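The values are calculated or read from the model by the stated rules, or taken from the named source; none is laboratory data. Note that this is a predicted model, so its numbers are computed, not measured. Quick reminder, even Gly has a Cβ in these numbers, built from the backbone with ideal geometry, and neighbours come from all protein chains shown. Remember, those area values only see protein heavy atoms, side chains included, never the ligands or the DNA or RNA. Shrake-Rupley method; radii C 1.70, N 1.55, O 1.52, S 1.80 Å.
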Amino acid sequence: MTLRPMAQLRTYAQFKRYCGAVGADLPADEIAVFGAESPLAQPYVYRGRQLTNRFAVLPMEGWDGGADGGPSDLTRRRWRRFGQSGAKLIWGGEAVAVRHDGRANARQLVINEATVGGIAELRQELMGAHRERFGADDDLLIGLQLTHSGRFCRPNSAKLEPVVLYRHPLLDDKFQVDDDSCVMNDAEIATLIEDFGEAAVLARKAGYDFVDIKHCHGYLGHEFLSAVDRRGKYGGSFDNRTRFLRETVELIRTRAPGLDIGLRLSAVDWIPFQAGPDRIGEPAPYNGDRYPYAFGGDGSGIAYDLSEPRKFLALLQALDIQLVCITVGSPYYNFHIQRPAAFPPSDGYLLPEDPLVGVARQIKVTAELKASFPDLTIVGSGYSYLQDWLPNVAQATVSAGMTDFVGLGRMALSYPELPADLLAGKRLQRKRICRTFSDCTTAPRNGMVSGCYPLDKFYKTRDGYDRLMAIKKETALR
């Protein structure tokens, strides 16, 4: 596959022609409207609160907190930049573990009595930066994503310390699950629910508007949804696989009344991919007629069926959870469908499809679910790879009602002010547009802090920059 860099698609005709050539059915307006008339500048009323644009900052996994789980100066810098972005919906800022053993890395934030003050200060830093740039902060909606990393826990070092819900025939070998001692029992799940409840109480104390009960990307909340083989009350049937969510919501509503709840969902998952003989990603071999462990999958492992995701969104609606962020897959075992990128992470595989196909898939899944649940507030993901064409596609999806908000993840690291520039009528700063080099993934996976090393001058001057360049050269996949 010959991948054409997005930066080379300088005209609308070139962009649409290339989309057609690679099979990416993407909605896009020929003219991106900048300024107050942009569809992305139109207000949205959420539970009586008016948010004055359609941009959201998506939660990312931080790798620069303290050993105690509190934020560092690097964390505070990132959150101030979120505030300067101009986005009115801050979806969780970043993933925050509800207890130490649930950290995805030894520098991930943890919320507890010792750290809640620092986590409250992050919100204040964000609001202060927003207020300084835009004159007010009363039109912000700020959440905190609560998580336990499950199969991908590394709470103390680079060593995996997995906690799982069931033995997986493919992922166990890949992520060092050697015996049943890693499998949570029902009593341990009950304790975890208590931990989520206490974390929510602290999040309310810290001033956050909502918490996200994370159900995406292969982490523990997401793994509940695929626990089809688990015995007992948390596995097997759809009712059992969603019991953790229902009991957690009930506890949060009891312990932290008035705190809103959102949910980020991997609405579609696929079989794990691995590098083939030519290093191109391919589905891992599975001995079975039907692959049952992909929530939202059709059984083939490489396509989707939204029957259960629609059932899940209906449950959210019944639980009075209106705020839903849609994503897909996992960065750990099928990154190309979850985080389309021109340059794979160092521990990945060569691309089996053009990244635009992955973007189009995420937008289509989100649009189909929004059409089924028009009253839910839906946030879309996967837009950063669009790069220069992000405004054209984003305004087309919002105008057509395919999503309510456009979420920015990696782009908020390299160019957080993109929403502010677009909404102020300014042309985009092309040198700051995320080109999906995957350094924000490769660096932390090799022991360095998170950040945009190629485009943010602040990180280019850090000690880890030269080491990162050497690692990329040694493990080049492109």
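Among residues of the range 200-214 being within 20 Å of the chain's Cα centre (by Cα) and not β-branched (Val, Ile, Thr), the one that is most open to solvent (accessible area, probe 1.4 Å) is ASP209. Scan the range 142-158 and tell me whether some residue there is open to solvent by 10 Å² or more (accessible area, probe 1.4 Å), at pLDDT 95 or above and either in contact with a strand residue (DSSP E or B) (Cβ under 7 Å, 6 or more places away or on another chain) or assigned to a helix (DSSP H, G or I) (or both). Looking for residues that are open to solvent by 10 Å² or more (accessible area, probe 1.4 Å), at pLDDT 95 or above and either in contact with a strand residue (DSSP E or B) (Cβ under 7 Å, 6 or more places away or on another chain) or assigned to a helix (DSSP H, G or I) (or both), one finds none in the range 142-158, hence no. Residues in the range 310-324 include at least one that is among the polar types (S, T, N, Q), out of contact with any strand residue (DSSP E or B) (no Cβ under 8 Å at 6 or more places or on another chain) and not in a loop (DSSP other than H, G, I, E, B).
Can you find a residue in the range 63-84 that is surrounded by 22 or more Cβ atoms within 10 Å (Cβ to Cβ) and more than 25 Å from SER330 (Cα to Cα)? Looking through the range 63-84, at least one residue is surrounded by 22 or more Cβ atoms within 10 Å (Cβ to Cβ) and more than 25 Å from SER330 (Cα to Cα). Any residue at all in the range 40-60 that is among the β-branched types (Val, Ile, Thr), open to solvent by less than 20 Å² (accessible area, probe 1.4 Å) and either modelled with pLDDT under 95 or touching a Pro at 6+ places or on another chain (Cβ under 9 Å) (or both)? Scanning the range 40-60 turns up at least one residue that is among the β-branched types (Val, Ile, Thr), open to solvent by less than 20 Å² (accessible area, probe 1.4 Å) and either modelled with pLDDT under 95 or touching a Pro at 6+ places or on another chain (Cβ under 9 Å) (or both). With respect to the stated conditions, SER181 is surrounded by fewer than 16 Cβ atoms within 10 Å (Cβ to Cβ) and of a type in the set (S, T, N, Q).
Checked against (1) at pLDDT below 95; (2) in contact with a Gly (Cβ under 6 Å, 6 or more places away or on another chain), THR2 meets all criteria but (2).
Screening the range 240-297 for residues that are outside any loop (DSSP other than H, G, I, E, B) and β-branched (Val, Ile, Thr) and picking the one that is farthest from ASP173 (Cα to Cα) gives THR254. The set of residues in the range 54-80 being among the charged types (D, E, K, R) and under 23 Å from GLY447 (Cα atoms) consists of GLU61, ASP64, ASP68, ASP73, ARG76, ARG77, ARG78. Filter the range 14-26 for residues that are in contact with a Leu (Cβ under 8 Å, 6 or more places away or on another chain) and part of a loop (DSSP other than H, G, I, E, B); which is nearest to ASP354 (Cα to Cα)? Per the criteria, the residue is ALA24. The C-beta contact set for the range 25-45 (first residue closer than 15 Å to VAL406 by Cα and free of Cβ contacts under 8 Å to residues at least 60 places away in the same chain, second residue open to solvent by 30 Å² or more (accessible area, probe 1.4 Å) and part of a loop (DSSP other than H, G, I, E, B), distance under 6 angstrom, 6+ apart or interchain) comprises PRO43/THR52. I need the full set of residues from the range 224-237 which are assigned to a helix (DSSP H, G or I) and either open to solvent by 30 Å² or more (accessible area, probe 1.4 Å) or touching a strand residue (DSSP E or B) at 6+ places or on another chain (Cβ under 6 Å) (or both), in order please. Listed by number, the list is empty, since nothing qualifies. With respect to the conditions (1) in contact with a Leu (Cβ under 7 Å, 6 or more places away or on another chain); (2) within 21 Å of ASN105 (Cα to Cα), LEU141 lacks only one, and its number is (2).
Those residues that are open to solvent by 10 Å² or more (accessible area, probe 1.4 Å) and in contact with a helix residue (DSSP H, G or I) (Cβ under 9 Å, 6 or more places away or on another chain), I need them from the range 265-280; list them, please. Result: TRP270, PHE273, GLN274. Of all residues in the range 103-124, those that are more than 16 Å from THR147 (Cα to Cα) have Cβ atoms under 6 Å from Cβ atoms of residues that are in a loop (DSSP other than H, G, I, E, B) and of a type in the set (A, V, I, L, M), 6 or more apart or on another chain, in ALA120/ALA206. Mind checking which residues of the range 414-428 are touching an Asp or Glu at 6+ places or on another chain (Cβ under 7 Å) and either open to solvent by 10 Å² or more (accessible area, probe 1.4 Å) or among the aromatic types (Phe, Trp, Tyr) (or both)? Hit for the range 414-428 is LEU428, nothing else.
Taken as a whole, the condition of being open to solvent by less than 10 Å² (accessible area, probe 1.4 Å) and in a loop (DSSP other than H, G, I, E, B) does not apply to ALA114. Against the test of being free of Cβ contacts under 8 Å to residues at least 40 places away in the same chain, surrounded by 15 or more Cβ atoms within 10 Å (Cβ to Cβ) and out of contact with any Asp or Glu (no Cβ under 8 Å at 6 or more places or on another chain), the options PRO309, PRO283 yield a single qualifying residue, PRO283. Taking helices (runs of 4 or more DSSP H) as the structural unit, those lying wholly within the range 395-478 and holding at least 1 residues that are on the phi < 0 side of the Ramachandran plot and over 23 Å from the mean Cα position of the chain (by Cα) correspond to 418-423, 457-460, 464-474. The combined condition, being of a type in the set (A, V, I, L, M) and within 20 Å of PRO27 (Cβ to Cβ), is fulfilled by LEU428. What about THR248, is it polar (S, T, N, Q), touching a Leu at 6+ places or on another chain (Cβ under 7 Å), within 25 Å of GLU61 (Cα to Cα) and open to solvent by less than 60 Å² (accessible area, probe 1.4 Å)? No. Answer yes if at least one residue in the range 252-262 is within 25 Å of VAL365 (Cα to Cα), crowded, with 22+ Cβ neighbours inside 10 Å and not charged (D, E, K, R), and no otherwise. Yes, the conditions are met somewhere in the range 252-262. Filter the range 353-384 down to residues that are touching a residue at least 40 places away in the same chain (Cβ under 8 Å) and in a loop (DSSP other than H, G, I, E, B) and give me whichever is surrounded by the most Cβ atoms within 10 Å (Cβ to Cβ). Looking at residues that are touching a residue at least 40 places away in the same chain (Cβ under 8 Å) and in a loop (DSSP other than H, G, I, E, B), I get SER381.
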